[in-house]
1. Looking only at the stretch 253-287, count how many residues are in contact with a helix residue (DSSP H, G or I) (Cβ under 9 Å, 6 or more places away or on another chain) and assigned to a helix (DSSP H, G or I).
2. For the structure I just gave you, tell me whether residue 301 is without any contact (Cβ under 8 Å) to a residue 24 or more places away in the chain and not small (Gly, Ala, Ser).
3. Among the numbered criteria (1) open to solvent by 50 Å² or more (accessible area, probe 1.4 Å); (2) within 12 Å of ligand 2 (Cβ to nearest atom); (3) modelled with pLDDT of 95 or more, which single criterion is violated by residue 305?
4. What number of residues in the stretch 254-278 are over 21 Å from residue 344 (Cα atoms), within 16 Å of ligand 2 (Cβ to nearest atom) and in contact with a strand residue (DSSP E or B) (Cβ under 7 Å, 6 or more places away or on another chain)?
5. Residues of the stretch 46-71 being at pLDDT 85 or above, touching a helix residue (DSSP H, G or I) at 6+ places or on another chain (Cβ under 7 Å) and open to solvent by 50 Å² or more (accessible area, probe 1.4 Å), which ones?
6. Applying the selection to the stretch 279-292, what residues are among the polar types (S, T, N, Q) and within 16 Å of ligand 2 (Cβ to nearest atom)?
7. Filter the stretch 208-230 down to residues that are in a loop (DSSP other than H, G, I, E, B), open to solvent by 70 Å² or more (accessible area, probe 1.4 Å) and of a type outside the set (Val, Ile, Thr) and give me whichever is farthest from residue 265 (Cα to Cα).
8. Could you grab me the full set of residues in the stretch 115-141 that are of a type outside the set (A, V, I, L, M) and more than 24 Å from the chain's Cα centre (by Cα)?
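The values are calculated or read from the model by the stated rules, or taken from the named source; none is laboratory data. Computed from a predicted model, the values in this text were never measured in an experiment. Cβ sites come from the backbone with ideal geometry, for glycine too, and all protein chains shown count toward neighbours. Note: accessible area is taken over every heavy atom of the protein model, side chains too, but ligands, DNA and RNA are not part of it. Shrake-Rupley method; radii C 1.70, N 1.55, O 1.52, S 1.80 Å.
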Amino acid sequence: MKNLTPKGIAFRISLFVAATVTIIVFLAEFFSESIHFLSLFLVFVSSLIISYFSFLVAIEQFIYKKIKLIYRTIHNLKLNKDDALSDFSLDKDIISQVGQEVIDWNQKNKLEIERLKDMESYRREFVGNVSHELKTPIFNIQGYLLTLIEGGLYDEKINMDYLARANKSVDRMIALIEDLDIISNLESGVIEMHIKKVNMVELTQDVLSSLEIKAQEKNIKLTIQNTLNKPVWVMADADKITQVLVNLIVNSIKYGKDGGETKIKFYDMDENILVEVADNGQGIEEKHHKRLFERFYRTDRGRARDSGGTGLGLSIVKHIIEAHQQTINLRSTVDVGSTFSFTLKKIRT
Ligand SMILES: Nc1ncnc2c1ncn2[C@@H]1O[C@H](COP(=O)(O)OP(=O)(O)O)[C@@H](O)[C@H]1O
Ligand SMILES: [Mg+2]
C-alpha cells in the first residue's frame with residue numbers, strides 16, 4: 001500500500017467491499033437455490049460505485065482536511081490558503097507529499113534555530129569582549145583618581161603624572177568606542193562607499209607623513225617602493241583605504257623592532273593592483289594567521305606588550321577590503337617579519 005493516491009486507496013477498499021457483498025448475496029442465493037448472475041453483477045457494480053464514492057468523500061472529509069491543516073500550518077498560510085493548496089488533488093499521493101513537506105519544514109526550522117543560536121553566542125561574546133576591554137582603562141582611571149583624592153593631588157611629584165595617565169586611559173576608551181562604531185557601521189552595512197579614482201602613491205605618501213613622528217619614536221623607517229615607476233590609479237574609497245593603510249602601518253610600528261623598516265610596495269596584477277605593507281618586526285606565529293582578522297583577536301605577544309590596541313584594527317581592515325570586493329592576505333615568519341597584502345581594482349591608464 002505504498003505511495004497510493006487517495007483515489008487508489010478508495011478504489012481498492014471499494015473493490016474489497018463490493019466483492020464481499022457480492023459473495024454474501026451469492027451465498028444467500030445459493031442456499032435459496034435461485035442464483036441470478038445478472039443480479040450478482042448489478043450488486044457488484046452498484047456496491048463498488050457506492051462504496052467508492054463514499055470512501056472518497058470520507059477520505060476527503062477526514063484525512064484530506066486534516067492534511068490541509070498541517071500543510072497550512074507549516075507554510076503559515078493563513079491568507080489565501082486555497083491558492084497554495086490548488087495543486088493538492090486526490091489524484092496525487094498527497095500523504096507522502098505532506099510527509100516530505102513536514103520533513104523539509106523540520107530541516108528548515110533546524111537550520112533557522114542554529115542560525116539564531118550562532119547569532120546569540122556571537123552577541124554574547126561581543127558584549128563580553130567589549131566590557132572586558134572597557135574594564136582595564138576604567139579601573140586604571142579609578143585608581144589614579146582615588147590616589148589623587150587621597151592626597152596625591154597636592155603631591156607635586158605625582159599629580160600631573162597621574163592626571164596624564166588617566167587622560168591616556170580616556171584616550172584608549174575613545175579609541176575603542178570609535179573602532180566599535182566603525183565596526184558596527186560596517187557590519188550593518190550603514191556605511192556608504194564613495195568609490196572614486198584614487199592615486200595610491202599620493203594617498204600612501206600622505207599616510208606616511210602623518211605617521212612619521214610615531215615611526216621616529218621607534219626609529220622605524222617608512223618607505224614607498226613603487227616598482228611600477230608611474231602613478232598607481234585604482235578605484236577605491238579614499239578615506240577608507242587611508243584607514244586601512246593607517247591600521248596596517250601603525251601595527252607595523254607597534255609590533256616592529258626598534259630601528260626596523262616598513263616598506264609599502266605596489267604590484268601590477270592585470271585586473272588589480274596588489275598593495276603590500278611589509279615589516280621586519282616580531283612576526284606572527286602560523287597558528288594565529290587564520291583568526292587574526294577576527295574582532296578582538298590578539299596574539300599573546302600583542303597582548304603582553306600592552307600596545308594600547310583594541311584588537312579591532314585588522315577586522316576593520318578586512319571589512320573595508322571586503323566592502324571593495326577585494327581580498328587581504330598575510331605572510332609572516334616569527335622574528336623575521338610580516339607582510340599584509342591586499343588588492344584594489346586597477347584603472348588602466
Ligand atoms: N605587523 C604585525 N606584526 C606582528 N604582529 C601583528 C602585526 N599586525 C598585527 N599583529 C598582531 O595581530 C593582533 C591584532 O591586530 P589588530 O587587529 O590591529 O589589533 P591591535 O593592534 O589593536 O592589537 C595584534 O594584537 C598583534 O598581536
Ligand atoms: Mg592594530
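1. The total comes to 2.
2. On the way: without any contact (Cβ under 8 Å) to a residue 24 or more places away in the chain: no; not small (Gly, Ala, Ser): yes.
Taking the combined requirement at face value, the residue does not satisfy it.
3. (3)
4. First pass over the stretch 254-278, keeping only residues over 21 Å from residue 344 (Cα atoms): 254-261.
Among the residues that remain, those that are also within 16 Å of ligand 2 (Cβ to nearest atom) are: 254-256.
In the following step, the residues that additionally are in contact with a strand residue (DSSP E or B) (Cβ under 7 Å, 6 or more places away or on another chain) were identified as 256.
Summing the residues that are over 21 Å from residue 344 (Cα atoms), within 16 Å of ligand 2 (Cβ to nearest atom) and in contact with a strand residue (DSSP E or B) (Cβ under 7 Å, 6 or more places away or on another chain) in the stretch 254-278 gives 1.
5. First, the residues of the stretch 46-71 that are at pLDDT 85 or above: 46-58.
Adding the requirement that they be touching a helix residue (DSSP H, G or I) at 6+ places or on another chain (Cβ under 7 Å) leaves 47-48, 51-52, 55-56.
Scanning the stretch 46-71 gives a single hit, 55.
6. Quick first cut of the stretch 279-292, residues among the polar types (S, T, N, Q) only: 280, 282.
282 - this is the single residue of the stretch 279-292 that is among the polar types (S, T, N, Q) and within 16 Å of ligand 2 (Cβ to nearest atom).
7. If we filter the stretch 208-230 for residues that are in a loop (DSSP other than H, G, I, E, B), which is where we start, we get 218-220, 226-230.
Okay, now just the ones that are also open to solvent by 70 Å² or more (accessible area, probe 1.4 Å), so 219, 227, 229-230.
Within this subset, residues satisfying the condition of being of a type outside the set (Val, Ile, Thr) are 219, 229-230.
Numbers: 219: 20, 229: 11, 230: 13 Å.
Filtering first and then ranking leaves 219.
8. Applying the first criterion (of a type outside the set (A, V, I, L, M)) to the stretch 115-141 yields 115, 117-118, 120-126, 128-129, 131-133, 135-137, 139-140.
Answer for the stretch 115-141, where residues must be of a type outside the set (A, V, I, L, M) and more than 24 Å from the chain's Cα centre (by Cα): 135, 136, 137, 139, 140.
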